[in-house]
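Engineer: To start, I am sharing the structure in question, which I have written as structure tokens.
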Number of protein chains: 2
Amino acid sequence: MTERLYIFDTTLRDGQQTQGVQFSTPEKTKIAEVLDRLGVDYIEGGWPGANPTDSEFFDSRPQTRATFTAFGMTKRAGRSAENDDVLAGVLNAGTPAVCLVGKTHDFHVTKALGIGLDENLGNIAQSVAHLVAQGREALFDAEHFFDGYKANPDYALKCLHAAFEAGARWIVLCDTNGGTLPAEIGAITRAVIDSGIPGGHLGIHTHDDTGNAVANTLAAVDAGARQVQGTLNGLGERCGNANLTTLIPTLLLKEPYASTFEIGVSHDALAGLTRASRMLDDILNRVPLKSLPYVGSSAFAHKAGLHASAILKDPSTYEHVDPSVVGNSRIVPMSNQAGQSNLRRRLSEAGLEVAPGDPALARILDTVKEREAQGYSYDTAQASFELVAREELGQKPDFFEVKRYKVTVERRKNKYNKMVSLSEAVIVVKIGDEKLLSVSESMDEQGGDRGPVNALSKALAKDLGPYQDYIEDLRLVDFKVRITDGGTEAVTRVIIDSEDGQGRRWSTVGVSANIIDAAFDALLDAITWKLIRDGAKPVSKVVPLQGADIR
Amino acid sequence: MTERLYIFDTTLRDGQQTQGVQFSTPEKTKIAEVLDRLGVDYIEGGWPGANPTDSEFFDSRPQTRATFTAFGMTKRAGRSAENDDVLAGVLNAGTPAVCLVGKTHDFHVTKALGIGLDENLGNIAQSVAHLVAQGREALFDAEHFFDGYKANPDYALKCLHAAFEAGARWIVLCDTNGGTLPAEIGAITRAVIDSGIPGGHLGIHTHDDTGNAVANTLAAVDAGARQVQGTLNGLGERCGNANLTTLIPTLLLKEPYASTFEIGVSHDALAGLTRASRMLDDILNRVPLKSLPYVGSSAFAHKAGLHASAILKDPSTYEHVDPSVVGNSRIVPMSNQAGQSNLRRRLSEAGLEVAPGDPALARILDTVKEREAQGYSYDTAQASFELVAREELGQKPDFFEVKRYKVTVERRKNKYNKMVSLSEAVIVVKIGDEKLLSVSESMDEQGGDRGPVNALSKALAKDLGPYQDYIEDLRLVDFKVRITDGGTEAVTRVIIDSEDGQGRRWSTVGVSANIIDAAFDALLDAITWKLIRDGAKPVSKVVPLQGADIR
């Protein structure tokens, strides 16, 4: 017999308190769809009336399978619940559920609200009763509950009971300041249940200020709480809320939770979790955090040589769950700690089958090691790694040769006496026996300069003769630069991410003391990789007579 | 009576398993210094013999106050500990402590090692005994211990006892795959103690694959373990190790730990924790994670309006610890009173005293906000921040004006038929009424090209007329480049570190879609800051007649 455990998502409310995050109404709508597809039980949409975006979002009357919830606060002192305009604004959103936050820590009642302790109890009870009278499912967010309980347990419990007895479906225990540790959360949650509020009516809302948001949530569930609150990717005020992309797979896959509870998220939906996480980052234009449990791109990356070779024998040796169940995938990156088995796996993923013990393997490892000592890094630049391997295996076609290039960046005043800059690149390429010259300047639609790497990339892609069709859809999407140790002195490492019309995305690396040179090397790799992938055939060269080669 | 709790740092070993992280030897040296200043008890430096960097680092014989530790593995089957060359490589590093990893999960012994269970016990015992015979402090990393215990508790415990009875000072319980949850960690750690190994000899090594690395560590400490392992910023294989920048403040500041334990990190050193965390990110050129507990830039950022106003009355209303104890600072919405007092403190650090309520404060905050929206970042670029403030305060002298510049990068074959590149910069500067033209190419002693930024910096510093004496000793020591969000589109942010003969080091920032432009802006700031610091007097300009200005 399993017991129902409910998931309450507050990405659109507490998640909006993340520094630098400001959702628009269409973004809120899109995120609500992602959450609904995932199968959470409650979606808290924001605080109707608190700001124009939240009001507009609620005015659009979002239709969700999950119980759509409006957030607000208990009525203010000195007026009835019916006559509180802030509370009325929340109710007017017409949501099936309403969650009201109220004080439960005596210090906050007297210090922040400046009212009497009994008056606060009355505010809680009357506000909740008002929700219930309006036919809404009522949730009470017990603000600062754990700190309040440690300061004055009797009063903190009285606040909970005031809400519960007024008809609240859920009493949510909030660790508002995020400073409570797991053992305390467990003990205090048990004390609440002992006081007479059943665990089936208790929710838990934690913050990550000690890195324990997830553990605190589990501690409350272990103690009996049956609603867990959190956000996608752990968004939220300060260090964030409990991360649902971490909690959901743990609850669904790991014991004792998997066989104790039934949750609204199916195993099918779980396979969309990584995608849901990345979609949120896309919407927010945030770089996905690689180290995120379950859904991060490094979560199943095996770098240590010993781990990588064992993974080949049996993935369970170094993986606590199968990456595919959360829609993620395994990565065995190259590094100077990798062994030959790691290498063979990597090559096989690139479609290069090499027999164990093939002497080319040792040569590839040596080259990789040597180039890493010069400042290259192949952890992320998988496409460049593949080209290094192909070179050693004699499987890298000679598509074209760059004879020379020249890049100019100029900054001067324009005719309106405004400082402007302009970049220009000239490039000379030889394909077979044909010499091709291209020139390009870097200018976006607004006439702004996009810089020398952009100019060079455009010039290179402008005319590659017989290969032109293959690279028409190639797009430079990101480049990262860092100064690194190149053996005897500092060099610049450039990593370029490229994309094509088929949705492929690949990374290449270039290293040089000169940043333009380094970027150029990475660009060349990006094009070569694309030509190989698309099956382009190298143009054969007429071997020139000695001395007849015109440069 | 407090009990000693030991902190073991593995940033330089397990932290090196982070995807995308590849330390150089000088970086390892720098990080070891940061760790030593912090006061950790053990610094694990890597695996001598496993790769050239680690070998070079150990060859440099780092001197640390902490017990410097080499990592390796137990001897292989079929040879004695004395005759195992891998083990010999580890011992040859000559460190006072050595940590050897060995198998404790029966499945791994038979599957990954392919040896008998008793043979593995012998390998553990003989390897540890060999360390002890050589006079080293021996640590045994019990790989996959928790999974092993769940599969075969008797055998897993036998492995620990083999190491302990052979003289290991510490038995480190490793949750290698990171899938164990806090309650299990606590129960199994207690079972180990019950089996006869005292908690004072037990360490805990966790990974964050379920978001519980910190909680798992605390659960083991609660159960009796007295050594905690982790890394700065939670670096480490896959999702990372337990984050010491989270654990250390929790152990030092929060109950029951604060009054139970004595640790090597002092409260003074704790105030350098945020700086240590940012330094590591700087070394790795990683964007600091804002939401990191205690040390993240958002950890004490109060965005919710209700929180911000209560914080003004009493910070403890919404903060679980005082940010200053970890060297962090509070962030409240820029517009209010607290935002201004923060700003005044920062200005005063730069020698600029501004009275409370001065309208320039609001102007500075607005400008900073606006420029940050364009992609600037003043967290590390203090010198550029000072210049923004000086501009608003009317205290930024007009030393010179750049009329135009032109940078060329060319790559072609030289007379030996070798591809070489050359960068050249021309710059035109106006000082007072004088126009100065400088040209410089970028070439090091070996005739190698150092790139366009170097050429530009040399041209700019070549002839600054009356200011030349002030900038003779200016040196560009580092530059970092990042693509960042500039509002409507991606821009390039360049941060330049400069140094002078007086040992001063300062950072400046430039932002543009064009990387050369961005670098140039940062260079200009670097020179202007230096001229101000050295008290250079601006050359007065003769106001030209209308139309007489020659460009």
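The values are calculated or read from the model by the stated rules, or taken from the named source; none is laboratory data. Quick caveat, the model's predicted, so the values are computed rather than measured. FYI the Cβ positions are ideal-geometry reconstructions off the backbone, even for glycines, and counts take in every protein chain you see.
Engineer: For residue B:61, all conditions in the list (1) surrounded by fewer than 22 Cβ atoms within 10 Å (Cβ to Cβ); (2) within 14 Å of chain A (Cβ to nearest Cβ); (3) under 21 Å from residue B:137 (Cβ atoms) hold save one; what is the number of the exception?
Structural biologist: Of everything listed in (1) surrounded by fewer than 22 Cβ atoms within 10 Å (Cβ to Cβ); (2) within 14 Å of chain A (Cβ to nearest Cβ); (3) under 21 Å from residue B:137 (Cβ atoms), residue B:61 misses just condition (2).
Engineer: Turning to a different aspect of this structure: Which one is farthest from the other protein chains (Cβ to nearest Cβ) among residues in segment A:274-288 that are buried (at least 16 other Cβ atoms within 10 Å of the Cβ), of a type in the set (A, V, I, L, M, F, W, C) and out of contact with any Leu (no Cβ under 7 Å at 6 or more places or on another chain)?
Structural biologist: Applying the filter and picking the extreme gives A:279.
Engineer: Here is a further query. Would you mind stating whether residue B:220 is part of a loop (DSSP other than H, G, I, E, B), in contact with a strand residue (DSSP E or B) (Cβ under 6 Å, 6 or more places away or on another chain), at pLDDT 95 or above and crowded, with 23+ Cβ neighbours inside 10 Å?
Structural biologist: Spelling it out, it is not the case that residue B:220 is part of a loop (DSSP other than H, G, I, E, B), in contact with a strand residue (DSSP E or B) (Cβ under 6 Å, 6 or more places away or on another chain), at pLDDT 95 or above and crowded, with 23+ Cβ neighbours inside 10 Å.
Engineer: Outside any loop (DSSP other than H, G, I, E, B), within 14 Å of chain B (Cβ to nearest Cβ), farther than 20 Å from residue A:103 by Cα and modelled with pLDDT of 95 or more, is that true of residue A:186?
Structural biologist: Yes; evaluated as a whole, the condition is true for this residue.
Engineer: Report, ordered by the first and then the second residue, all pairs with beta carbons closer than 8 Å, sequence separation of six or more or different chains, a first member in segment A:454-483 that is more than 9 Å from chain B (Cβ to nearest Cβ), and a second member that is buried (at least 20 other Cβ atoms within 10 Å of the Cβ) and of a type in the set (Lys, Arg).
Structural biologist: What qualifies is A:470/A:530; A:471/A:530; A:474/A:530.
Engineer: Just to be sure before I move on: is residue B:483 of a type in the set (A, V, I, L, M), touching a helix residue (DSSP H, G or I) at 6+ places or on another chain (Cβ under 7 Å) and closer than 23 Å to residue A:480 by Cβ in the structure I sent? Explain how you work it out, then say what you get.
Structural biologist: Numbers: of a type in the set (A, V, I, L, M): yes; touching a helix residue (DSSP H, G or I) at 6+ places or on another chain (Cβ under 7 Å): no; closer than 23 Å to residue A:480 by Cβ: yes.
For residue B:483, the condition - of a type in the set (A, V, I, L, M), touching a helix residue (DSSP H, G or I) at 6+ places or on another chain (Cβ under 7 Å) and closer than 23 Å to residue A:480 by Cβ - is not met.
Engineer: Hey, can you tell me all the residues within segment A:155-183 that are more than 26 Å from residue A:131 (Cα to Cα), free of Cβ contacts under 8 Å to residues at least 40 places away in the same chain and outside any helix (DSSP H, G or I)?
Structural biologist: Within segment A:155-183, A:177, A:179, A:180, A:181 qualify.
Engineer: For segment B:446-486: of the residues being of a type in the set (A, V, I, L, M, F, W, C) and part of a loop (DSSP other than H, G, I, E, B), which is nearest to residue A:512 (Cα to Cα)?
Structural biologist: Looking at residues that are of a type in the set (A, V, I, L, M, F, W, C) and part of a loop (DSSP other than H, G, I, E, B), I get B:474.
Engineer: Does residue A:193 satisfy being over 22 Å from residue B:293 (Cβ atoms), more than 14 Å from chain B (Cβ to nearest Cβ), buried (at least 23 other Cβ atoms within 10 Å of the Cβ) and not charged (D, E, K, R)?
Structural biologist: No: the conditions fail for residue A:193.
Engineer: While we're looking at this one, here's another question. Does segment B:13-27 hold any residues that are out of contact with any Leu (no Cβ under 8 Å at 6 or more places or on another chain) and more than 9 Å from chain A (Cβ to nearest Cβ), and which are they?
Structural biologist: B:13
Engineer: What is the number of the single condition among (1) in contact (Cβ under 8 Å) with a residue 12 or more places away in the chain; (2) of a type in the set (Gly, Ala, Ser); (3) farther than 17 Å from residue A:245 by Cβ that residue A:39 does not meet?
Structural biologist: Answer for residue A:39: the failing condition is (3).
Engineer: For segment A:207-241, which residues satisfy the criterion of being at the interface with chain B (Cβ under 7 Å from one of its Cβ atoms) and of a type in the set (Lys, Arg)?
Structural biologist: Listed by number, the list holds a single entry, A:238.
Engineer: Got a sec? Which of B:97, B:50, B:32 is out of contact with any Lys or Arg (no Cβ under 8 Å at 6 or more places or on another chain), of a type in the set (Gly, Ala, Ser) and at pLDDT 95 or above?
Structural biologist: On the way: B:97 fails: out of contact with any Lys or Arg (no Cβ under 8 Å at 6 or more places or on another chain); B:50 fails: at pLDDT 95 or above.
Only one candidate qualifies: B:32.
Engineer: May I pose another question? Just to check your reading of the model, which residue among B:203, B:211 is outside any helix (DSSP H, G or I), under 17 Å from residue B:7 (Cβ atoms) and either hydrophobic (A, V, I, L, M, F, W, C) or in the same structural domain as residue B:171 (by TED's automatic domain parsing) (or both)?
Structural biologist: Details: B:211 fails: under 17 Å from residue B:7 (Cβ atoms).
Answer to the check: B:203.
Engineer: Please enumerate the residues belonging to segment B:430-455 that are surrounded by 23 or more Cβ atoms within 10 Å (Cβ to Cβ) and in contact with a Phe, Trp or Tyr (Cβ under 7 Å, 6 or more places away or on another chain).
Structural biologist: Residue satisfying the conditions is B:453 alone.
Engineer: Sort out which residues of segment B:341-367 are assigned to a loop (DSSP other than H, G, I, E, B) and free of Cβ contacts under 8 Å to residues at least 40 places away in the same chain, and write them in order of number. Please lay out each step first, then the result.
Structural biologist: Taking segment B:341-367 and keeping what is assigned to a loop (DSSP other than H, G, I, E, B), we get B:350-358.
Result: B:350, B:351, B:353, B:354, B:355, B:356, B:357, B:358.
Engineer: Cβ-Cβ distance below 7 Å, separation of 6 or more or different chains: which pairs start in segment A:515-537 with a residue that is closer than 20 Å to residue B:482 by Cα and within 14 Å of chain B (Cβ to nearest Cβ) and end on one that is in a helix (DSSP H, G or I) and small (Gly, Ala, Ser)?
Structural biologist: Short answer, once both residue conditions are applied: A:523/A:457.
Engineer: Now a separate question. Looking only at residues in segment A:280-329 that are at pLDDT 85 or above, of a type in the set (A, V, I, L, M) and more than 20 Å from residue B:241 (Cα to Cα), which one is farthest from the chain's Cα centre (by Cα)?
Structural biologist: Only one residue tops the list, namely A:325.
Engineer: Among (1) free of Cβ contacts under 8 Å to residues at least 60 places away in the same chain; (2) within 26 Å of the chain's Cα centre (by Cα); (3) part of a helix (DSSP H, G or I), which single condition is residue A:249 missing?
Structural biologist: Unmet for residue A:249, out of (1) free of Cβ contacts under 8 Å to residues at least 60 places away in the same chain; (2) within 26 Å of the chain's Cα centre (by Cα); (3) part of a helix (DSSP H, G or I): (1).
Engineer: Output the number of the condition that residue A:402 fails; it satisfies all remaining conditions of (1) hydrophobic (A, V, I, L, M, F, W, C); (2) more than 23 Å from residue B:411 (Cα to Cα); (3) at the interface with chain B (Cβ under 9 Å from one of its Cβ atoms).
Structural biologist: The one condition residue A:402 does not meet is (2).
Engineer: Identify, by number, the condition in (1) surrounded by fewer than 18 Cβ atoms within 10 Å (Cβ to Cβ); (2) of a type outside the set (Ser, Thr, Tyr); (3) within 13 Å of another protein chain (Cβ to nearest Cβ) that residue A:268 doesn't meet.
Structural biologist: Result: residue A:268 passes all but (3).
Engineer: Out of all the residues in segment B:137-154, is one or more in a loop (DSSP other than H, G, I, E, B), closer than 19 Å to residue B:72 by Cα and modelled with pLDDT of 95 or more?
Structural biologist: yes
Engineer: Is it true that some residue in segment A:330-346 is modelled with pLDDT of 90 or more and closer than 22 Å to residue A:509 by Cβ?
Structural biologist: no
Engineer: May I pose another question? When residues of segment B:245-291 are filtered for being within 13 Å of residue A:210 (Cα to Cα) and in contact with an Asp or Glu (Cβ under 8 Å, 6 or more places away or on another chain), how many remain?
Structural biologist: 1
Engineer: Hey, another quick one. For residue B:421, are the conditions met, namely being in a strand (DSSP E or B), at pLDDT below 90, in contact with a helix residue (DSSP H, G or I) (Cβ under 7 Å, 6 or more places away or on another chain) and not hydrophobic (A, V, I, L, M, F, W, C)?
Structural biologist: When the stated conditions are applied, residue B:421 passes them.
Engineer: Looking at (1) on the phi < 0 side of the Ramachandran plot; (2) of a type outside the set (Lys, Arg); (3) in contact (Cβ under 8 Å) with a residue 12 or more places away in the chain, which one does residue B:285 not meet, given that it meets all the others?
Structural biologist: Just one mismatch for residue B:285, condition (1).
Engineer: Something else now. Identify all residues within segment B:387-415 that are without any contact (Cβ under 8 Å) to a residue 12 or more places away in the chain, farther than 30 Å from residue B:347 by Cα and surrounded by fewer than 19 Cβ atoms within 10 Å (Cβ to Cβ); write none if there are none.
Structural biologist: Here is the first cut: in segment B:387-415, the ones without any contact (Cβ under 8 Å) to a residue 12 or more places away in the chain are B:394, B:411-415.
Then keep just the ones that are farther than 30 Å from residue B:347 by Cα; that gives B:411-415.
Listed by number, the residues that qualify are B:412, B:413, B:414, B:415.
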